[in-house]
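Some notes on the structure that comes next.
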Amino acid sequence: MTAKLPELRRDRRYRAALPVYLGKDMGATRDMSPSGVYFWKDGMCLCLPGESISFAIELDTAKGRMMWKCQGAVVRTEPLGDMVGVAVKITESTMVPPWTDAARTRIVGESC
């Protein structure tokens, strides 16, 4: 019998497949909460646990489309074939209006 580990997350996670913007790369969320997110992206991820990461998640809100701009720390990465899963603890975030492709890299920065 396997012992169940205690839940360490601060907030409940919600399953959602939403676009994630990482500089010039894109991904999609698997689940998210106000304090963390897990997303998949194509290719490799050179981020190590503890490293900073910047990204934005596209959300549909009552006021229209918004971008949830986030800074966080990588908790873990999980390679799976041609993709990689990235778990992030969010340390700072803000909601901003959607932007154009040209501005996305400047606002979000480079991918991990």
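The values are calculated or read from the model by the stated rules, or taken from the named source; none is laboratory data. Being a predicted model, the structure only gives us computed values, none of them experimental. Note: ideal-geometry Cβ built from the backbone for every residue, glycine included; neighbour counts use all protein chains shown.
Details
- Selection of region 34-65 for residues being of a type outside the set (Lys, Arg), part of a strand (DSSP E or B) and over 15 Å from the mean Cα position of the chain (by Cα) yields ASP60, THR61, GLY64.
- Scanning region 13-55 for residues that are under 14 Å from GLN71 (Cβ atoms), among the small types (Gly, Ala, Ser) and at pLDDT below 90 yields a single hit, GLY23.
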